[in-house]
Amino acid sequence: MNTNPAISFSKTRLVLGGSEIYRDISFEVGAGEFVCLLGPSGCGKSTSLRLIGDLLPMQEGLVQVAGMTPAEAWNQTAFVFQSPRLLPWRTTLENAAFGLEMRHPEISKADRLERAQRELDKVGLGADAQKMPVMLSGGEKQRVSIARALALDPQIILMDEPFSALDHTTRHRLRQQMVDLWAETRKTVLFVTHDIDEALFLADRIVVLSKKPTLVEEIVAVDAPRPRDPDASPALVQLRQHLVSIFDRLEGPDAALAS
Ligand SMILES: Nc1ncnc2c1ncn2[C@@H]1O[C@H](COP(=O)(O)OP(=O)(O)O)[C@@H](O)[C@H]1O
Ligand SMILES: [Mg+2]
């Protein structure tokens, strides 16, 4: 059994376009853990996912994925972005199968579609497989992109503010669905957000990043049982106050709850 952390950043420093983005980032994500990366806009949250996914080369320090380099581990990860990135000329099912088609062309088309259908069933879109993306709501499109990631059966799902463009109700529903999928599949999830309440709802632990040049400001464990209501649980209310005070210090007093 692989006992390495799913993801590990060790003394990572990064300069892009002459500007120091990371001064020193170190944190780990355990296998099967749900970790939120929380930080102000521009602090390098998306950049961290690009490093993990081998979309950006490392400079100083070390990033490891399941004990390997990102280049060796590229097929252990799958992305869900803020925008669902569906192909408009393909059906929902073909979109859900698209990641598999890119990564595993050796798998027969019938098998790819069968796997994709299973994942669509899991996200509650089994009956919509033949619809075109234009017929789906924003939340449904994002669920297709989650199914597309799950169909790859990755160890690690990297999510970059995936619900931030959705309306409040849909966002809340998808957060709950993501917790359910995580509990069912035991994948490792690294979920980027700038929304304190989202992190409190989702995470086992929250890695709080500073403004750039970025440091790990604090790592907060969230022990409250799920399903969570950050308004109702005294422990979560207290944690929220703590995180808001960190954001106040980082960004100025009005920024913390602006989202
Ligand atoms: N290729 C690049 N060249 C120069 N600067 C970059 C590049 N990519 C990202 N950046 C800068 O790095 C910082 C972090 O970006 P990003 O990871 O997208 O932030 P976040 O996702 O936390 O909002 C930003 O200031 C951004 O302008
Ligand atoms: Mg970003």
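The values are calculated or read from the model by the stated rules, or taken from the named source; none is laboratory data. Nothing here was measured: the structure is a model prediction, and the numbers come from that model. Heads up, the Cβs are rebuilt from the backbone with ideal geometry, glycines too, and the neighbour counts pull from every protein chain shown. Just so you know, the surface numbers come from the protein's heavy atoms only, side chains and all, with ligands and any DNA or RNA stripped out. Shrake-Rupley method; radii C 1.70, N 1.55, O 1.52, S 1.80 Å.
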- Wholly inside region 1-103, helices (runs of 4 or more DSSP H) that include 1 or more residues that are within 16 Å of ligand 2 (Cβ to nearest atom) and touching a Gly at 6+ places or on another chain (Cβ under 8 Å) are 45-52
- Task: Please list, ordered by first then second residue, the pairs with beta carbon atoms under 6 Å, 6 or more apart or interchain, first in region 39-57 and free of Cβ contacts under 8 Å to residues at least 12 places away in the same chain, second more than 8 Å from ligand 2 (Cβ to nearest atom) and in a loop (DSSP other than H, G, I, E, B).
- Result: ARG50/LEU56
- Query: Does SER8 count as modelled with pLDDT of 95 or more and loosely packed, with under 14 Cβ neighbours inside 10 Å?
  - Reply: no
- Note on the structure: Those residues of region 36-71 that are open to solvent by less than 30 Å² (accessible area, probe 1.4 Å), β-branched (Val, Ile, Thr) and away from ligand 1 (no atom under 15 Å from the Cβ) come to a total of 1
- Name the residues in region 119-139 that are open to solvent by 60 Å² or more (accessible area, probe 1.4 Å) and free of Cβ contacts under 8 Å to residues at least 12 places away in the same chain, would you? ASP121, ALA127, MET135
- Selection status of LEU215, modelled with pLDDT of 95 or more and either within 16 Å of ligand 2 (Cβ to nearest atom) or in contact with a helix residue (DSSP H, G or I) (Cβ under 8 Å, 6 or more places away or on another chain) (or both): no
- Filter result (over 16 Å from LEU190 (Cβ atoms), touching a residue at least 12 places away in the same chain (Cβ under 8 Å) and not hydroxyl-bearing (Ser, Thr, Tyr)) within region 1-33: ASN2, LYS11, ARG13, LEU14, VAL15, LEU16, GLU20, ILE21, ARG23, ASP24
- Kindly indicate the residue of region 16-35 that is open to solvent by less than 10 Å² (accessible area, probe 1.4 Å) and within 12 Å of ligand 1 (Cβ to nearest atom) and also farthest from the chain's Cα centre (by Cα) among those meeting that condition. TYR22
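Quick one: count up the residues across region 72-88 that are basic (Lys, Arg) and open to solvent by less than 60 Å² (accessible area, probe 1.4 Å).
Taking region 72-88 as the starting set, the residues that turn out to be basic (Lys, Arg) are 85.
Filter once more, keeping what is open to solvent by less than 60 Å² (accessible area, probe 1.4 Å): none.
Residues meeting the conditions: 0.
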- Grab the strands (runs of 3 or more DSSP E) fully contained in region 143-259, keeping just those with 1 or more residues being of a type in the set (S, T, N, Q) and either open to solvent by less than 40 Å² (accessible area, probe 1.4 Å) or in contact (Cβ under 8 Å) with a residue 24 or more places away in the chain (or both). 188-193, 214-221
